[in-house]
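Have a look at the structure below before the remarks.
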Amino acid sequence: MKHRKKNIRNGILIVLIVFFVYLFLFGRLFPFSPLIIGFEKKEYRNAIIYYHKTDSVHEFSSIDTIIETVEKFHRLKFKKKVQIFLTASDKEYKRFTGTTARFVTQPLEGRIFVSYRAKTEYRNKKIQFDTYIKHELSHSVLYQNMSLIRSLSYPAWFMEGIAMYSAKQVGTDGYYSYDQTKEKIGEGYFVEPNDWGTIISSKGESVINCKLENKYWFIYSEFALIVNDLIIQGGEDKFIDFLKGTLNKKDFDLLFKNTYERSFEVYISDVKNAANKTL
C-alpha cells in the first residue's frame, strides 16, 4: 500500500512538473521563462528582438535611440536589455499573454509582446509604430525598476497615464486629444483612476459604466491628462521624484499628499472642476 501511494505521489509530481514546464515554454508563464525556444533572435545594443522566420525586423532599426529617449524622460535606466517578442499569430499571442490588446508588457523583466494584429496594422500604416513602442517601453522601464511584488499592487492608471504622456500618444490613432478629453469630462464622463485597479484586479464601476463608444481611447487620454496636469502644476522634477517614489512605496495616496500637499481625492475633484470651467 505504501509503495502504491508513493507511486501515485510521484506520478502526480511528474504531471505537475510537465505542466509547469509547458507553461514556461509555451503558455502563460512564458513571459517569465529563462529559456526562449521557437524564436529567431536579433540583438541590438539595448534590446533583443525575438521573431519568427516569416517576420521582418526592419522597424527596430532605431530601437536603441527610442530606448534612450524613454530613459531620458523617466530618468531611469533599464537594468537589462529590453526583450521584444513578435508573435506569429494572435492565437500564439493570447496563449503567451492572455490578452487581446495590440501590445502588452509583462512585469519583472518588462518583456514586451507584439500581437499579429499590431504588426499588420503598423505595416499597413494604421498605427504609429514608434509611439506604441515608446508606450510599452515606459511600462518596461518601470517594471525593471520595481519588484514583482510591487508590480502586483502598482496603480495601473498611473502606469498608463505616464506611458500615454511620455509617448505623446494623446490625440493619435483615435485617442482623444487633451481638449476632447476635457470636453467629455465636462459632459460628465469620468473614470475614477482607482477603478482602473492593478494588473491583477478587476475594473471598477466607473470603467464598466462608461458608455462612450471606444471608451478606452478616452480613458487612456484621461489618465494622460492627469499626468500632464501634475507636471504643469508642480513641474517635471517634482513629478519624476514622485514617480520614483511610487516604485517602492506602497501607499500611493500618502506619497501623493506629501508631494502635492493635498489628498489625491481632493486633487481629482479639482481636475473635474477645472474641466467643467473650460466649457
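The values are calculated or read from the model by the stated rules, or taken from the named source; none is laboratory data. Since this is a predicted model, take the numbers as computed values, not measurements. Cβ atoms come from the backbone with ideal geometry, glycine included; neighbour counts cover every protein chain shown. Note: accessible area is taken over every heavy atom of the protein model, side chains too, but ligands, DNA and RNA are not part of it. Shrake-Rupley method; radii C 1.70, N 1.55, O 1.52, S 1.80 Å.
Can you work out which of the residues in segment 81-134 that are touching a residue at least 60 places away in the same chain (Cβ under 8 Å) and in contact with a strand residue (DSSP E or B) (Cβ under 8 Å, 6 or more places away or on another chain) is nearest to Thr198 (Cα to Cα)? Within segment 81-134, the match that is nearest to Thr198 (Cα to Cα) is Gln106.
Would you mind telling me which numbered condition in (1) at positive phi; (2) surrounded by fewer than 20 Cβ atoms within 10 Å (Cβ to Cβ); (3) in contact with a Phe, Trp or Tyr (Cβ under 9 Å, 6 or more places away or on another chain) Gly98 fails? It is condition (3) that Gly98 fails. In segment 61-87, of all residues being in a loop (DSSP other than H, G, I, E, B) and in contact with a Ser or Thr (Cβ under 8 Å, 6 or more places away or on another chain), the one that is most open to solvent (accessible area, probe 1.4 Å) corresponds to Phe78.
Restricting segment 50-60 to residues that are touching a Phe, Trp or Tyr at 6+ places or on another chain (Cβ under 8 Å) and hydroxyl-bearing (Ser, Thr, Tyr), the residue that is most open to solvent (accessible area, probe 1.4 Å) is Tyr51. The residues of segment 167-195 that are open to solvent by 30 Å² or more (accessible area, probe 1.4 Å) and in a helix (DSSP H, G or I), listed by number, are Tyr178, Asp179, Gln180, Lys182, Glu183, Lys184, Asn194, Asp195. Of the residues making up segment 181-189, one or more are over 19 Å from the mean Cα position of the chain (by Cα) and hydroxyl-bearing (Ser, Thr, Tyr). For segment 94-109, taking the residues that are within 18 Å of Phe129 (Cα to Cα) and touching a Lys or Arg at 6+ places or on another chain (Cβ under 8 Å), the one that is modelled with the lowest pLDDT is identified as Thr100.
Within segment 138-159, can one find any residue that is in a helix (DSSP H, G or I), open to solvent by 20 Å² or more (accessible area, probe 1.4 Å) and touching a helix residue (DSSP H, G or I) at 6+ places or on another chain (Cβ under 8 Å)? Scanning segment 138-159, I find no residue that is in a helix (DSSP H, G or I), open to solvent by 20 Å² or more (accessible area, probe 1.4 Å) and touching a helix residue (DSSP H, G or I) at 6+ places or on another chain (Cβ under 8 Å), so the answer is no. So for segment 220-227 (the condition being under 20 Å from the mean Cα position of the chain (by Cα), of a type in the set (Gly, Ala, Ser), closer than 18 Å to His139 by Cα and surrounded by 19 or more Cβ atoms within 10 Å (Cβ to Cβ)), does at least one residue qualify? Yes - at least one qualifying residue is present in segment 220-227. Screening Met164 against (1) in contact (Cβ under 8 Å) with a residue 12 or more places away in the chain; (2) part of a loop (DSSP other than H, G, I, E, B); (3) of a type outside the set (Lys, Arg); (4) closer than 23 Å to Thr97 by Cα leaves a single unmet condition, (2). Flag: Asp90 matches the condition of being under 29 Å from Pro34 (Cα atoms), at pLDDT below 95 and of a type in the set (Asp, Glu). Among the conditions (1) under 15 Å from the mean Cα position of the chain (by Cα); (2) open to solvent by 20 Å² or more (accessible area, probe 1.4 Å); (3) at pLDDT 95 or above; (4) farther than 22 Å from Phe252 by Cα, Ile112 misses just one, which is (2).
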